[in-house]
């Protein structure tokens, strides 16, 4: 596993995990699948799925906190600004402080470099929203979203997964 190979794999994930359409029912199915897995694994996460103009699904699992909600909000803002996965941005920016460089002019109170935000891309429409998870290590937040999207879209999650961290 290298940073460069992870970035390339995430670009593939973003390009291939595309919906033919996305609506409230789709958000509920994916959100419910993430919730069920989190309950089974005893993960203290929140799941927030939204279009740019409104929330479609939200849940907070036991052990999650208001801080997780705020981290998700800042991840959502980053996806909306750059239209790509937050974990990809983490790897591309390589910043210990989890803030965007000053040249972007983005307040740390509203934007964060932390994995767990993934763009909702619809064929013919582009990025229309975001799925955010917060509460696990950022690579894992990213990975469980990718797994859920693969399952929903009928893709092989093993071939889309990032290599195991070393």
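Here, each number is a calculation from the coordinates, and none is a lab measurement. On a predicted model such as this, the values are computed, not experimentally measured, just so you know. Cβ: placed from backbone, ideal geometry, glycine included. Neighbour counts: every protein chain shown.
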Practice problem: Post the alpha-carbon centroid distance, the stretch 126-164 to the stretch 1-45, in whole angstrom. | Solution: 3 Å
Quiz item: How many percent of the alpha carbon pairs in the chain exceed a separation of 24 Å?
Solution: 28 percent
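Let me have the relative contact order for the stretch 53-142, percent, based on Cα pairs under 8 Å that are six or more residues apart.
Details: 127 pairs, mean separation 27.7, N = 90.
This gives 31 percent for the stretch 53-142.
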Exercise. Can you pull the one-decimal nm distance between simple spin-label points at residue 123 and residue 11, each 7 Å off the Cα toward Cβ?
Key: 2.3 nm
Quiz prompt | Expected 222 nm ellipticity per residue - DSSP helices of 4 or more, -39500 (n - 2.57), all of the chain, to 500 | solution = -14500 deg cm²/dmol
Self-check item: Residues 64, 107, 85 arranged by fewest to most Cβ contacts within 10 Å
Solution: 107, 64, 85
